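What follows is a single structure, written as structure tokens, with notes after it.
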Amino acid sequence: MSLRILLADDEKEFVDTLAERLSLRGFAPYVVYDGISALQAATPEKPDVVVLDLFMPGLSGDEVLRRLKVLYPDLPVILLTGHEAVDDNGTNPVAQAFACLTKPLSFNVFLETLQAAVREGKECSATGGKS
Amino acid sequence: MNESQCMARLLASAVHDMRNVLAVIRESAGLAQDLATLAGGKTVAAPGAERLSSALSEVQRSIIQGAALSEAMDFMAQAGGMEPGGAGPCDLARVSRSFCLLAARQARAAQIHLTSGETEEPVWANVPPLAVLRSLLEVFDLCASVGGQVNLRLTAGRRQKEEGIIVEALEGANREMALAAMTGSPMLDGMRPGWRAVLMPWRDAGPRFFLSISACDSEGE
């Protein structure tokens, strides 16, 4: 079964194209354009990985991450940001993310990160540990 | 909020959007490459496919260049957003790299080849990054004032336990004139009150200078 990747970003052109490229590689991406929709999309069925833009209108990516981690502690989440400086001091929710990547992405780096996140998610699910 | 912080906020916002634009271009070019690969030359004649591939590679190279510029602009926005008088630790290696990227266009116009020397690790100093950028721009202007045509290498480093930027005039038709201009201008102007920049010859290390930036008691001494 294809891996289910939830992509959330208010930059529609970007995230739609990213999803199309993932589809071409056999993934099953589904796209939302704001934080609240991301939470709703993740609720009925847990995705394998979530990719969140950090700065979204309504509910920001870090808040979505915080809430998702309450629902699914072992869910791997990759954050995307257009800003270089992200507070990663261990108290910020960003520290709960599997990785934080800066746009514009290297697609190869993104794919490697995605695959590593999937591996970690599976290991955590198997051991009942936290990601 | 002062003017510098205002500029920093707007710049950070613009850089964020610029990165989004670059991201869209990058993914769109990547998708075009994916689709061309899938087509396998069936729908595009071989010469056209090659040209398409090289054009898309050029787009990717330009995006990497744009991303590096964005990073430097983001750094400048962070520097401009600091509290007045603030001089938290700043990595001089990053300042040097950012300066070379930000000043690249002006450097080409002045026929100055700017490079940032590699350092193995960050060189932290308690100086405002904007003050360092401003001093580097003054060094640049000194070289431009004698007609440019010189290769400048800027490397973060230490001299007698003091952090600063090593300025080397490596080669070029006006190298000697640039060296003379720098030798005759040890004190740089335009520093914000409380900071002093000095360009000191470092003769025992060859034709190079050490740009020292330090706090001073008197205002703009």
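FYI, it's all coordinate maths here, none of it is from the lab. Everything numeric in this text was worked out from a predicted model, so none of it was measured. Methodologically, a virtual Cβ is constructed for each residue, glycine included, from the backbone with ideal geometry; neighbour enumeration extends over all protein chains shown.
Structure notes:
- Compactness relative to 2.2 N^0.38 Å, alpha carbon Rg of segment A:9-59: 1.11
- Local electrostatic count at A:GLY26 - Lys and Arg +1, Asp and Glu -1, tallied over other residues with Cβ under 14 Å: 0
- The convex hull of the Cα atoms of the protein assembly as shown, projected and averaged over all directions, covers 22.6 nm².
- Considering only trypsin sites (Lys or Arg not before Pro) in DSSP loops that have at most 14 other Cβ atoms within 10 Å, the longest stretch of chain B without any of them is B:43-160.
- Helical contribution to [θ] at 222 nm, DSSP H n ≥ 4, -39,500 (n - 2.57), averaged over chain A, rounded to 500: -13000 deg cm²/dmol
- Rounded if a/c under 1.5, otherwise prolate or oblate - segment B:3-80, Cα gyration tensor axes: prolate
- Since only A:SER2, A:GLY82, A:SER60 are under comparison, the one whose Cα sits farthest along the positive direction of the charge dipole of chain A, derived from C-beta charges on Lys, Arg, Asp and Glu, is A:SER2.
- Fewest-first ranking of B:THR119, A:THR113, A:THR127, using other Cβ atoms within 10 Å as the exposure measure: A:THR127, B:THR119, A:THR113
- Whole-Å distance, taken between Cα centres, linking segment B:126-176 and segment A:21-75: 47 Å
- Antiparallel content of DSSP bridges confined to the protein assembly as shown, in %, to 5: 50 percent
- Dimensionless Rg ratio for segment B:90-215, taking C-alpha atoms and the 2.2 N^0.38 Å reference: 0.95
- Taking the Cα centre of chain B as reference, the dipole from Cβ charges on Lys and Arg (+1) and Asp and Glu (-1) amounts to some 480 debye.
- Placing unit charges on the Cβ atoms of the charged side chains and taking the dipole of chain B about its Cα centre, the candidate lying farthest along the positive direction among B:PHE75, B:GLN111, B:ALA180 is B:GLN111.
- Residue mean of other protein chain beta carbons inside 10 Å, A:6-16: 3
- Dipole magnitude for the protein assembly as shown: about 580 debye, using +1 per Lys or Arg Cβ and -1 per Asp or Glu Cβ, origin at the Cα centre.
- A quarter of the convex hull surface defined by the alpha-carbon atoms of segment A:4-111 gives 6.3 nm² as the mean projection.
- For chain B, the longest principal axis of the C-alpha atoms and the axis of helix B:3-39 are separated by about 30°.
- Cα-centred dipole magnitude for segment A:4-111, charges only on beta-carbon of K, R (+1) and D, E (-1), debye, nearest 20: 340 debye
- Taking the helices alone, chain B has a mean residue ellipticity at 222 nm of -18000 deg cm²/dmol, built from -39,500 (n - 2.57) per DSSP H run of at least 4 residues and averaged over all its residues.
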